[in-house]
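First up is the structure itself, then whatever we jot down about it.
The values are calculated or read from the model by the stated rules, or taken from the named source; none is laboratory data. Keep in mind that this is a model prediction, so the values were computed, not measured. Because the Cβ atoms are built from the backbone with ideal geometry, glycine has one as well, and the counts that use them run over all protein chains shown. Ligands, DNA and RNA are stripped out before the accessible areas are found, and what is left, the full protein with its side chains, is counted by its heavy atoms. Shrake-Rupley method; radii C 1.70, N 1.55, O 1.52, S 1.80 Å.
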Amino acid sequence: MQKIKIKIDNNFLEVSSKLSRGEKISEKEMNLINCVSIIGLAKIRFSSGKKLKYEIPNCVPIADLISSGIDKYTFYKLILKIVDVIYIVKNSQLNINNLCLDLNYIFFDNNSDEIYFLYSPVMNNRNFVNINKFLYNFVLLTNPLFDDELKKDFLDFLNENARFDVADYLNFIQKMYPGLIEQIGALNIKQSISNVSGNQDDTVILNNYNHISEMSEDTVLLSNDGIEISSQHENYSDIALTQPLNNCEDTVILNNACILPVNAYLIMQRDGRRIDISSNEFNIGKDEYCCDLVIDNSSISRKHLTITFDGNNYYATDNNSTNGTSLNGKPLKPGIAEKMENYDRLLLANEIIDFQIMEENDLI
């Protein structure tokens, strides 16, 4: 999504965007957005080869709303609705990197209590979103009409939870504003959530929700010297997100500074391209629907490797790929997470990828 223009037409906002060079519209994603009711995604009214047009009720950009001053209820309500949209996009047959995470182009209708994100259903998108940094910007831009310590609490939460885990967010919101999840009407996540009582605090449990169905592929098998020798059929099914929340603890505010979380990125040796590791579970492979980094290489498996972040360290796990993965020349055992260090080198089949950690003061 390269250029976005907004025009007011009667009681609607007509939002148009121009695709970036090399991007192509995905008919599959277009059909999914317009035929399936996904709460929080703006409907696409018109699309041509290089343009998308969205029709949204006349409402305000979230950037304007939160900078003008909001109360505690609105603050947590917006966070909940944002997390809800990110969750459904990450756990459906959509690409999180196609979601526009620009606060100037996310809209909120005070009358209907609806939020509207722009989703660009394209292939070959080279942008990589950083959810944690986006939520940081949301908090920093907010002009609170409530205790400023609550902003610091959420910033501390983001520092401690650099990986996006919807269960952690729901747990935090439930602690800071009890009953809010039940108060908010339409949420995608309500189709996959249940509250289990029994302890002092309710525990939120996420059930299976709209995960990508089992898919199959033909992957080219390489010999030890990298020569293609055959094709091997492999099947995978995504692991559903079913996770009880950890117990909440009081947040300790260390100081007034906003310490941004450590981030990391990958360098593709074939073209020097840099890719930010934008989520706590970052998948690499050739399937555009389940991978954050898509590699067009027949030797790479559908979901070849997963990089995870536990809040302190990054780990690489080979997903039983056909041609395997090496870390600094040492083959990874399938399903076993290996800790990564700065400047480590990954070899996925015949693709060389370097791993680097970005210092906190380098984040923008």
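Is the stretch 1-101 best put as rounded, prolate or oblate by its Cα gyration tensor, with a ≥ b ≥ c the root eigenvalues, rounded for a/c under 1.5, and otherwise prolate when a/b is larger than b/c, oblate when not? Judged from the Cα gyration tensor, the stretch 1-101 comes out oblate (a/c at least 1.5, b/c at or above a/b).
Per-residue extension of 0.36 nm, minus the Cα-Cα distance of Asp148 and Lys339, leaves a gain of 65.0 nm for this segment. Distance between the pseudo-spin-label points of Leu140 and Asn111 (7 Å out from Cα toward the beta carbon): 3.5 nm. On full extension, the segment bounded by Glu14 and Val36 gains 5.8 nm, given 0.36 nm per residue less the C-alpha separation. A Förster distance of 25 Å, applied to the separation of the beta-carbon atoms of Asp310 and Asp354, puts the FRET efficiency at 0.75. In whole percent, how big is the carbon plus sulfur part of the accessible area of the stretch 17-81, probe 1.4 Å, protein atoms only? Carbon and sulfur together cover 52 percent of it.
Could you please state how large a percent of the accessible area of the stretch 287-331 is carbon and sulfur, counting protein chains only and using a 1.4 Å probe?
On the way: 630 of 1580 Å².
That share works out to 40 percent.
In a fully extended conformation the segment linking Asp64 and Gln93 would gain 7.3 nm over its present Cα-Cα distance, using 0.36 nm per residue. Going by a ≥ b ≥ c, the root eigenvalues of the Cα gyration tensor, does the stretch 47-106 fall in the rounded group (a/c under 1.5), the prolate group (a/b larger than b/c) or the oblate group? Because a/c hits 1.5 or more and a/b fails to exceed b/c, the stretch 47-106 counts as oblate.
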